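Heads up, the thing below is written out as C-alpha cells.
Throughout, read-outs are computed from the coordinates displayed, never taken from laboratory work. These figures come from a predicted structure and were not determined experimentally. Note that each Cβ is placed from the backbone with ideal geometry, even for glycine, and that neighbours are counted across all protein chains shown.
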Amino acid sequence: MMFSLRKNSDRGGVGLDIDGRYLAAAQVDGGRVVRVASRELPDGLFRDGEVVNPDQLADALKAFASEADLPRNVRLGVANQQIVVRVVELPRIDDAKQRDAAVRFQAAEAIAMPLDEAVLDHQVAGYTTAPDGSPRMQVVLVAARRSMIEGLLDAAKKAGLKPDGIDLDAFALIRTLAGSAPEAPDENARVYCHLAGVSNLAIAVGGTCYFTRPLSAVWEDEDAGSRLADEIRLSIDYYMTQEQARPVGDVVLSGPGSVDDSLVESLGLHLGLPTTVAAPLGVLDPAALGASEDPHRFTVAAGLAMGAAA
C-alpha cells in the first residue's frame, strides 16, 4: 500500500478522480494535459467521499477504464471525514529514520485515531528557529483510516487497475492551482474550495496545504452561497487556532460548481473576502481537451497525475 506525499517520477502519470458524481481521468506529461476522459458515476456507490458499494464501484471503474483505454497504473485521491491533517513542530531532525520515528511518536498525541488503524505519512513544510536559537521544523502530518484506504484500493484492484499511490484531493487541488493563482500578499494563507460531487476545502500557504476538510453544503441548493460561506468561515476559524496559522487573504474556487456566477458572487459577499474562479487546469496546457469535455472536472485528476508533493 502506498500513501505518499513525496515526489514521484516526473514521467507522465494518470490521475483518477473518483468524485461522488463522476469519474475523471487525466494524463499529464511535460506540463501538458495529454489525455482526459470522464463518465457519470451511478448513485449509491460513493457517499461523503467513501466507498459504500465496492463491487459496483469496481464494475463502474472497469467499464470506464475499458472505454477510456486507461493504462492500469493510476494515482487515486481521497477526500472525506476519515482523513486528518495536522501541523506539528519538532526539533529539526535531518536523519530520515529518526525523523520518521519522532513524527510517529508525535502522531500518537496529534491524531485522534488509534495508530494501528491509520495509514500515516508526513512532509517537512519548513524550518524555523526557536526563541532559544535551536533549529525547529514544521511537519505536515497526514493520517487516514486504514479501512477506508483499503476499501478504495480493493475496488480499484477488482477493476483491474494498479494504483501507484493514494494522495489527498486537497494536495492535488493545490498542486494544480497554486502556480496559476496570483501571489498572496505577505504570504497570506489562501482558501481553495473545489465544488463537485465531493466538495473539498483546503487552506494553503504557497504550495503547502495546512488544513483540509470536505464540505457538506450542496452548492446547487437554494441559498447555497450563504450555507457554503458558513462552512468556509468555520473552517477558517478552526485553521486560525493553529499556532502556525496565517491570515486568510482570499478564496479561490474550482470544480463544476464554480461556473455558477451568482454562486461565486454570493460567496464573496457573504465571506467578505476576494473570491475568484481558478483556471480549471492551472498553468497546464489544456490542448488535449475536446470541446465536449468540461475542464472543471479534471482539476483534481490533473493534480493527482502530476504526482509531485504539494
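Highest average first, the peptides 73-83, 288-298 ordered by how many other beta carbon atoms sit within 10 Å of their residues are 73-83, 288-298.
Fewest to most neighbouring Cβ within 10 Å: what's the order for THR128, THR275, THR208, THR176?
THR128, THR208, THR275, THR176
A Cβ-based charge dipole, computed about the Cα centre of the range 154-271 with Lys and Arg at +1 and Asp and Glu at -1, lands at about 580 debye. Between ASP19, ASP260, ASP48, the Gaussian network model of the chain with springs among Cα atoms under 10 angstrom shows the greatest mean-square fluctuation at ASP260. What is the range 38-121 by shape, rounded, prolate or oblate, if you read a ≥ b ≥ c off the alpha carbon gyration tensor as root eigenvalues and call it rounded for a/c under 1.5, prolate for a/b larger than b/c, and oblate otherwise? Verdict is prolate for the range 38-121. Approximating the spin labels as points 7 Å out from Cα along Cα→Cβ, the ARG233-to-ASP59 distance works out to 4.5 nm.
Positive end of the dipole of the chain (Cβ unit charges, origin at the Cα centre): among ALA108, ALA178, ILE236, the Cα lying farthest that way belongs to ALA108.
Can you give the charge dipole size of the chain about its Cα centre, rounded to the nearest 20 debye, using +1 on the beta carbon of Lys and Arg and -1 on the beta carbon of Asp and Glu?
1080
Roughly what would the spin-label model give for VAL52 and LYS162, points 7 Å off Cα along C-beta, in nm? Distance between label points: 3.3 nm. Close lysine pairs were tallied over the chain: pairs 8 or more places apart or on different chains with Cα atoms under 20 Å apart number 5.
About the Cα centre of the range 44-84, what is the dipole size in debye to 20, counting +1 per Lys and Arg Cβ and -1 per Asp and Glu Cβ, all else neutral?
140
Label separation (ASP116 vs ALA96): 2.8 nm, computed from points 7 Å beyond Cα along the C-beta direction. Its relative contact order, with pairs defined as Cα atoms under 8 Å and 6+ residues apart, puts the chain at 26 percent. Note on the chain: dipole from Cβ charges, positive end direction compared against PRO286, VAL248, ALA159; the farthest Cα belongs to ALA159.
With contacts taken as Cα pairs under 8 Å at a separation of at least 6 residues, the range 183-277 carries a relative contact order of 31 percent. The range 215-241 and the range 65-140 have Cα centres lying 26 Å from one another.
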